[in-house]
Each structure stands twice: as C-alpha cells, then as structure tokens.
1. If you check Ala271 against the conditions, is it on the phi < 0 side of the Ramachandran plot and crowded, with 20+ Cβ neighbours inside 10 Å?
2. Within segment 133-150, can one find any residue that is in contact with an Asp or Glu (Cβ under 8 Å, 6 or more places away or on another chain), of a type in the set (Val, Ile, Thr) and open to solvent by less than 10 Å² (accessible area, probe 1.4 Å)?
3. Residues to consider are Glu210, Glu235, Glu250, Glu229; find the one that is acidic (Asp, Glu), more than 23 Å from Ala178 (Cα to Cα) and not in a strand (DSSP E or B).
4. Out of segment 350-359, which residues are over 10 Å from Pro441 (Cβ atoms) and either free of Cβ contacts under 8 Å to residues at least 24 places away in the same chain or open to solvent by 20 Å² or more (accessible area, probe 1.4 Å) (or both)?
5. I'd like to check something: does segment 375-384 contain any residue that is touching an Asp or Glu at 6+ places or on another chain (Cβ under 7 Å), open to solvent by less than 60 Å² (accessible area, probe 1.4 Å), under 24 Å from Tyr482 (Cβ atoms) and of a type in the set (A, V, I, L, M)?
6. In segment 104-122, is there at least one residue being closer than 19 Å to Ser212 by Cα and either of a type outside the set (Asp, Glu) or surrounded by fewer than 24 Cβ atoms within 10 Å (Cβ to Cβ) (or both)?
7. Which residue, of Asp88, Asp67, is open to solvent by 10 Å² or more (accessible area, probe 1.4 Å), assigned to a helix (DSSP H, G or I) and closer than 18 Å to Val161 by Cα?
8. Tally time: how many residues in segment 298-337 are farther than 15 Å from Ile375 by Cα, over 20 Å from the mean Cα position of the chain (by Cα) and free of Cβ contacts under 8 Å to residues at least 12 places away in the same chain?
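The values are calculated or read from the model by the stated rules, or taken from the named source; none is laboratory data. Only a predicted model underlies this, so the values are computations on that prediction, with no experimental measurement involved. Glycine gets a Cβ as well: all are built from the backbone with ideal geometry, and neighbour counts include every protein chain shown. Each accessible area value is taken on the protein alone, full model and side chains, heavy atoms only, with ligands, DNA and RNA left out. Shrake-Rupley method; radii C 1.70, N 1.55, O 1.52, S 1.80 Å.
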Amino acid sequence: MRRTQGGIKLRPGILVFIFLSLGSVLVSAEQSYNWSGASEESYWYSLYNANALIHSGLGIPLTGRDDLLSRVIAEAGFARGDRHGTNDLPVVIPYSAGRPEYVQSGSQKWTDKNQSQTIKTAAVAWTILAYVEQAKQMERLYHIDIGQNGETKLEAMLRGVLASEAADMLHMKMRDSASGLYMSQMNPGDAAATGMTPTDQFVMLWALAELSSLAEGYSMYEGRVSWVEASQWAEELYQSIMKYSKEHPEWMALSKEDMALFIQSLSAFAATSGNLSLLEGIVDKIQAHAGHLAAIGADAPLELKAKAVRALITAEQMTGDENLRTAALKLWDSIEASWDSANGLFSLPSSSNPNVYEYSTWDVGDLAGAYGAVIYGAGRQDQMDQYAQFFHQVVKASRLMTAEGAEAGGSSDGDEVPGSASAGGPLGMAPVFASKVQFSPDTKEWHVSNSNFETDGAMYLATQLMWIGQRDQQSYMGPPRYGLPLSRETQFMGLQKQIAELSAAKVDPAQVDAMKTLLQDLEDKVLGIQKKLIGPLSMVDDLKAVKDQLDDINTRLKTVEEKMTASSTDSANASEQISQIAKQITDLSTRLKTLEDIKIADQLTALTATVNDVKARLDAADKAKAASRITNDQTITLILIVLIALVGVTAYQWVMRRSKREAE
C-alpha cells in the first residue's frame, strides 16, 4: 500500500481482490436468503403496507369516533399523542392511489402529489380483507406469546375498528338500494357512485364473510359491526348477486379470472355462513366454475394460471374432489416451465416490450397466492426455497417494496430494501409497495416503472403475503388456516354428488346404497354436534362416539382379514398391508385423545396425512389384485377411516374453541 498526495493508492491486484471478495459476499448473502427469511419478511411487509396506509392521510379519516379511538389506545396501554397512540386520525376509506412520500418531519402523512381521490369499492374491500386477516393473526400470535405487547394489541384492535367502519360506510354510501349490489366507484365531486361489476361484489362478499368471522370469535375486536350484521350483509349480498345475475345473465358472463375470484369468495362465504340451506347451491357453483378453470391450457397467461391454482385448491378443500387438486398441480407444473432459474423469477414479458419482464403488485399477489396454496394446501414444501428466490428478486431486489421497518432489518441489514429515511425524497418514503417494476434479463437490472402506491393491488398483495408469511416460524392460523377456506358440510355435499355420478354410471347398486347410508349417518352426526354446540357442551360424549366408531372400523378390518384366503402370496401381502392399516387406525385413536386446543390445526394436518397414507396402501393392495378377495366392506371401511377421523377431530376442535371462548 502506497500513500500518495490526496490519499491512499491501492495496487491493481488489491483492487481485484477486494472486488472479488465483495462479489462473493454478495453472492453468499443472496444464496443464504431462504424460506425462513422470505416468510418472515412476507409477514412484516404485509403489516408495513397496512400501517403506512392507516396513517398516510390518503383517504377519508375516521371522524366522530374519538371516544372509541381513545379507549382502544388506552386498552393497549398507550395515550393519545404517544408514539403509538398518534393524534393523526387514521384513514378509514382509502383513496385509490397516491405517492408514498413523507412531507412533514415526525408525521407519517404522505404528499398530495399524484394523489387520486377516487373511491373504489374493490380497493376498500381488499383493504378490509387485509385488515381482518392481519388482525386475526396478530391476536392469535399474541395469545401464544409471540409479539405479546401493547403495540401488537393496538394494531390488531385498530384494524378491527377500521375494517368495521369501512364496511359500514360502504354499506350506507356505495350500496344500490334497488339491486342490493355495490357500486364500483365514486369520483371527487360526484353526487353518486357509478358502475357495478361482478368483481366488486365478489371482493365485497369475501371481505364481509371474513369480517363476520373476526367479529364472532376474536376478543380484541372492537368494531361497531356485529357478527350478526356482517353475516346478514354477506348473505344479502350473495342473494342479490344470484337475483341480479338471473335477471341479467350477460352481467354474469365471467372471465376465467373472475371465476377464480368467485370460487374463493363463495368459499369464504360458505365456510362462515350458518345458513345450511344455501350450501348446496354454492357447492354447485364452485364445482361448475372449478371445472372451467381445470380445463385451462398450458399456454394460458401466467397470471391466470396462478389465480386458477389457488382457486382450484380452495375448491378441492370445499368439495372434497381430489381431481381439482390434481388439476391445480398440473397448472402449477406449467407455471414452473416459465421459471427463469438463471435470474430467480418467472419469465413474464411486458406487453409493451417483450424484451423485459414486468411485474405489478397484482402479478406478485397472484404468484404469492399460488405458492401459498401449493406449499400449504397441496403439501409441496419443496417449493419453499423457490419462493424465497422469487420473493428476494421480485419484491426486494426490484425495490417493489420501497422501504422496510426495523423488524425486517431497515437500513441496518444492508440488503436491497433500505429504511424509510434512506428510501428517497427529502423526508423519506413510506414502507409500501410500488405499483410496477421491470427487469431486463440482458443487463440483470431492475427498474421501478411506477412508484405510486395503488391501494387495490397493494392490499391484495398484502393479504396474500399475510397468508403465506410467518412470524417466529408460526404460519397463518386463521381461520381459515393459511387463508384457504375449508368446510366439512360442503365436502359432504360434494361427496354426495360424486355418489350420484357413480349411480348414474351404473356402479354396483349395493355399493352406492351403502355409501349413501354412510354419508347420511355422518351428516346427521355433524348436524347433531352443531346443535350441541348451541346448547350444553358434551365434549366427552362426542369423543366417545368417535372412539366407538373407530373401534367398529377395527372390527370390520378383522372380519375382512378372516375372509381373505391365506394360500397365495398376493393374499399374504394384502393381509400384511391390512394389518398395518389397522395399526395406523389404532394410532389415530390414541392421538385423538391427546389433541390440545392450540395445536389442533397442525395435528389435524398430520392426521390427514396418515389417512392419505391409509388410502395409498389400499390402492396398492388393489393394484396387486389382492383386493379381489376383499368385499365392498373395504371400500366402506376406507370412507369411514377418512371421514370419521376428519369429522371427529374437527368436531373436537369446534368444541374446544367454543369452550375456551365461553370460559373467557
């Protein structure tokens, strides 16, 4: 090293060494970014966008509710004017777009530059949905000692209040009294809202369904809209959609994208509705639209295929039709064919310039939603590392996320996303999503092509990231778990329809009749449990009934074994398989006794995996032709194993949760 006038001059060799060393550090840092980091930052980025919007001033503030705000802030342990109990009135109805640049020191309000004061129903509905799902997760985490502090409590309570107030205002101001549907938007200076699209109704139905879930079962909820009101509004909207579409069939001529949205909206509504008389019609609609999505070809747009993947896996959970999951994974394989492994993202050419990839918040939300469905809903954990690459490139390296808070590293971790103060503008930028980014495969460079915040796309993406995200390795607890609605009642109806199809196909009438009887018995049991939950609880009796049925399954298996001929190798193999199955059922019975409330969802997943293994073993036995000596009782036994185990555990879960709420 030689010192020269004006500083230190480095030898060329040393410069090369430093350059290579720095490059290796950067490569190492990128390679070390994994699922754990991506899922954690997915959670925080979701929260950051909501927090920033709440305090941005980009919209109509919550006025006339000072007493409620003061009480919520006080219950969280703060006072008005504290860092957390800010004096700024939170935004309750956000405008459609704005520039997330701070304009005043010590304030989180944004500049008026590039602000659009249009109010869009879909944008507000996506915001409600994001607030509700975040509030659910924060309360769940709080109760298991993750983020158990006043700030978490305040944010959860405030989101519930704002979601409730926004739903109430839309119900009063944007709902058309004649049709019962929601108008699309209201521009500044307009006396009334205009437009009325199916998309607006679907997103609003989804938001109201989830709001009813929050209002029913969460102690931190302080909103004015009760569970009864939210449920009633959701049902009224569903009935209005059906009535209007019957009167105006051209209005309901849905695109494939709208079909995917409709499936998820209907599923959320069905999973939270107490009106069982509506469910059969909903199942029909879910199955019909899922059939159209399952027929999507590999040459369809990437964004559409991503929407369809999540919708199909949701439909499978609502109907029990495993063919829909198969179709979803087939579509996922075609999405995988677009993966650019050299750059760690999907090839998504811009419509204006095919030489660059272009991602909007909607595109990223679609793909994040598909990843979440495939990883959590279809059990494809092998996709976790690829999601980490995708998130790192498209959300972080691209600067789609303009800034991040301290929980995600801020300016201290040296990654691509700085803290707010260093993100641009004289006073910094809010930690939110830009609207659109572009990537050049040739130069390997990203460019933010639209730095404005667009409420609908940003809150859609924030919701998907909450569902796939984790905090301290705890994934989204819901309900719905992972944001994927599930209903045992609609699954029964789906299975009944499959039985009707078997009957039409002239399958053995005795087998079909036996299955019908079985399903009727199971449905009666579920309805009986639901009635018990309304009145006195009898958890022990329900568990005993499930145990008795499991014992009966063991008896059936022994009978089947006795009927098998022991003289052939095939028979011996099948007998061994049946014995192993019987042991698994015994394990299921033992584990059922020890299920605990807080671990119920994860253990239910494990039980489901065990049951699926049982099914696989029986299928293997059938292929070995050993099943030719087994009567139709085996088919009935298989259905008993699957449905009794799942229904029994779900019933136990309902009872435990209701007991806990009543104890509180």
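1. Details: on the phi < 0 side of the Ramachandran plot: yes; crowded, with 20+ Cβ neighbours inside 10 Å: yes.
Yes: the conditions hold for Ala271.
2. Within segment 133-150, none of the residues are in contact with an Asp or Glu (Cβ under 8 Å, 6 or more places away or on another chain), of a type in the set (Val, Ile, Thr) and open to solvent by less than 10 Å² (accessible area, probe 1.4 Å).
3. Values: Glu235 fails: more than 23 Å from Ala178 (Cα to Cα); Glu250 fails: more than 23 Å from Ala178 (Cα to Cα); Glu229 fails: more than 23 Å from Ala178 (Cα to Cα).
Answer to the selection: Glu210.
4. Restricting attention to segment 350-359, the residues satisfying the condition of being over 10 Å from Pro441 (Cβ atoms) are 350-354, 358-359.
Hits for segment 350-359 are Ser351, Ser352, Asn353, Pro354, Glu358.
5. Filtering segment 375-384 for residues touching an Asp or Glu at 6+ places or on another chain (Cβ under 7 Å) gives none.
Scanning segment 375-384, I find no residue that is touching an Asp or Glu at 6+ places or on another chain (Cβ under 7 Å), open to solvent by less than 60 Å² (accessible area, probe 1.4 Å), under 24 Å from Tyr482 (Cβ atoms) and of a type in the set (A, V, I, L, M), so the answer is no.
6. For segment 104-122, residues closer than 19 Å to Ser212 by Cα and either of a type outside the set (Asp, Glu) or surrounded by fewer than 24 Cβ atoms within 10 Å (Cβ to Cβ) (or both): present.
7. Only one candidate passes the filter, namely Asp67.
8. 2
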